[in-house]
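First the structure, in the form of structure tokens, and then the observations on it.
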Amino acid sequence: MDDKTYLDYLDADHRRLRSVVAGALGEPVPSCPGWTGADLAGHVAEVYLHKTETMRRGAEPEPWPPDLGRDPLAALDGAYRELTSEFAVREPADHSVIWYTPDQTVGFWMRRMAFETVIHRVDAELAAGVTPEPIPAELAVPGIDEVLVCMLAFAASEYPEYLADQLASCDGDTVRIDVPEASWLVRLGPDVVTVERGQADAEAVVRGSADAALRWLWRRAGNEVVELDGNRGAVGKLHGLLGVATQ
């Protein structure tokens, strides 16, 4: 999928998030314990501004975070304008400082913000008490790849201190994520997480639509949306690691 299409998804999911969260500012967000809809809107605004300032400065912005004011919707609107304005004057191949060292391009942020927004769009829908709209497979499949490769495996290698407690119980168990379009084999430990794309034997399998699998991996849906086969202990370890890696 090209970067323009990611930006199209970003725009559509942002508009849906903005519309839904406006009616749920005082409601709890079930998938983000302790947050209200207002907190969610403020968080997304802060994320948008952080990426905007990172691209502008060529470095992580400090000090951080900024004062977003008292109106979370105004903050969200302004931050989205800033982000999309910055994307409009840059090419996907342009350099940007990014925590994920294998990809230091603006295109990474375009994709990352599309994935960030669709997950928080689901959060807004859950806060509003409406059924989340399906995430198209075209977006969900690369989203699964991102959360497994960039969020989990890379974090386990580069920032092991954050996952140390969870990794301590991992001894090489394997879990395969299966969706109709692709498969990933995740090996849990010892001390590291690795991800291989493609079919391979595994001790446990998590199977479902790309939409369901992405929401399960991000802990925005429970086991009821996927089919679990094999070693439930290994699945539990994976879910525990994801709970830290996706915070």
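The values are calculated or read from the model by the stated rules, or taken from the named source; none is laboratory data. Only a predicted model underlies this, so the values are computations on that prediction, with no experimental measurement involved. Note that we place each Cβ from the backbone using ideal geometry, even for glycine, and neighbour counts take in every protein chain shown.
Considering VAL97, VAL89, VAL195, the condition of being under 24 Å from ASN231 (Cα atoms) and aliphatic (A, V, I, L, M) is satisfied by VAL195 alone. Of all the listed residues (TRP35, TRP64), the sole one being under 16 Å from ILE119 (Cβ atoms), of a type outside the set (A, V, I, L, M) and more than 16 Å from the chain's Cα centre (by Cα) is TRP35. Pairs are defined by a Cβ separation below 7 Å, a sequence spacing of at least 6 or placement on different chains, a first member in region 25-49 that is within 24 Å of GLU60 (Cβ to Cβ), and a second member that is of a type in the set (S, T, N, Q) and assigned to a loop (DSSP other than H, G, I, E, B); no pair meets this definition. Tell me, yes or no, whether region 42-62 has at least one residue that is assigned to a loop (DSSP other than H, G, I, E, B) and under 21 Å from ALA245 (Cβ atoms). Within region 42-62 (the criterion being assigned to a loop (DSSP other than H, G, I, E, B) and under 21 Å from ALA245 (Cβ atoms)), the answer is yes, since at least one residue qualifies. The test for being at pLDDT 95 or above, small (Gly, Ala, Ser) and surrounded by fewer than 16 Cβ atoms within 10 Å (Cβ to Cβ) holds for GLY172.
Which of the residues that make up region 193-247 are over 22 Å from PHE115 (Cβ atoms) and acidic (Asp, Glu)? Within region 193-247, ASP201, GLU203, GLU224, GLU227, ASP229 qualify.
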